[in-house]
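One structure is given here, and the rest of the page talks about it.
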Amino acid sequence: MLDERKSAILCAVVQEYITTGQPVGSAHIVKSALLNVSSATVRNDMSYLEQEGYLVQPHTSAGRIPTDKGYRYFVDHVAPKGALTQSTKVKVGEFFDMAHGRLEETLQRTSMLLAQLTNYAAVVLGPKTEVATVRSVQLVGLSQHHATFVVVMSNGVVESEPIDLATTLDDGQIADVTKQLSKMMVGKSLTEVGPLVLSGDMLVDEVSSRVLAAVTTRKADESVFVGGASAMAEAFDAVEIVRSVLHTLEQQYVMVSLVRDMINRGLTVAIGAEHGVAPLAACSVVLSPVIADGTQVGTVGVLGPTRMNYPQALATVEVVSDRLGRRLAEG
């Protein structure tokens, strides 16, 4: 644990580097940290912080920049509490007051909102399908040989599955398929639905069987939405880092695994290599669980360079997760 003066110096270095992206010298710290000490004392303390791994000097005669260890100490011990401006609070409130319609659309738009507020990539994980039950089902005829099967889940997710019809179904047979599958599916999760109970109408049973196979073999996992990935292109100078980060953000299973692992480890902030995803070693992740009716139903977070504004990111993610949870609880 660092003493009060060294903590203040480290805090000043981190905040200045977050703002400017330039190595920070002792002369600047003397002016900005409001410390009643000499430049020599600041230089000695910065040397100590470097020796202990909190700071690093990227170039000879240059100032110092924080390491991942320095950021971690800053986040855990000395970071000031972030706060949203009144205009940002109003924007978030208005967004969720108007957030109606399909859950997928709300989650996607939430990821874009979070990206706009932070200028980082945003990640939003929705509820697992496997923990939701079927609220209603309906087969809708679109044309002579095409239909779509719509499933509304208790968590608000709307699943739809296109169905090709070898033989035209009349309105009565379409209603029979809907009735047959409603009896089997409503009130159950997709993983709990049993084998088809035959109705005696071969055509109705054949269509019902294909519909049932299609909707129950879907992977019961979180839906993940990534917004603002393009912001990462402006966050790093090295093209290879940008390319690696963008490629990783496109891999849904990687993002789901990263978030799930962090939550399981009780982490709300993972800095650099702490999250264990090598292509994102130059990035930090800030997460907050989404709670609805006392149950975690998802996660929201941002991914940015390790030089991110942690207090602001934490405050923004917390407010958005709270409002999203309240919106999901409402319906």
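The values are calculated or read from the model by the stated rules, or taken from the named source; none is laboratory data. Predicted, not measured: the structure shown is a model, and the values here were computed from it. Cβ: placed from backbone, ideal geometry, glycine included. Neighbour counts: every protein chain shown.
Worth pointing out:
- Residue within segment 172-186 that is of a type outside the set (A, V, I, L, M, F, W, C) and not in a helix (DSSP H, G or I) present: no
Rundown of residues vs (1) farther than 21 Å from M308 by Cα; (2) among the charged types (D, E, K, R); (3) over 20 Å from the mean Cα position of the chain (by Cα); (4) not assigned by TED's automatic domain parsing to the domain that holds V254, yes/no style:
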| residue | (1), (2), (3), (4) |
| --- | --- |
| H59 | yes, no, yes, yes |
| F95 | yes, no, no, no |
| Q108 | yes, no, no, no |
| T118 | no, no, no, no |
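- Unmet criterion (only one of (1) modelled with pLDDT under 85; (2) outside any loop (DSSP other than H, G, I, E, B)) for N155: (2)
- Conditions (1) in contact with a strand residue (DSSP E or B) (Cβ under 8 Å, 6 or more places away or on another chain); (2) modelled with pLDDT of 95 or more; (3) of a type in the set (A, V, I, L, M); number of the one not met by L117: (1)
- Per the conditions (1) in a loop (DSSP other than H, G, I, E, B); (2) of a type outside the set (S, T, Y); (3) without any contact (Cβ under 8 Å) to a residue 12 or more places away in the chain; (4) closer than 28 Å to L314 by Cα, the sole criterion not satisfied by N36 is (4).
- Residue in segment 117-138 that is farther than 27 Å from R326 by Cβ, out of contact with any Phe, Trp or Tyr (no Cβ under 6 Å at 6 or more places or on another chain) and of a type in the set (D, E) present: no
- Positions within segment 1-54 being among the hydroxyl-bearing types (S, T, Y), surrounded by fewer than 20 Cβ atoms within 10 Å (Cβ to Cβ) and at pLDDT 90 or above, in sequence order: S7, T19, T20, T41, S47, Y48
- Filter result for the condition that a residue is touching an Asp or Glu at 6+ places or on another chain (Cβ under 7 Å), among the charged types (D, E, K, R) and part of a helix (DSSP H, G or I), over K6, K31: K6
- Checking F96 against (1) crowded, with 16+ Cβ neighbours inside 10 Å; (2) aromatic (F, W, Y); (3) modelled with pLDDT of 95 or more, the condition it does not meet: (3)
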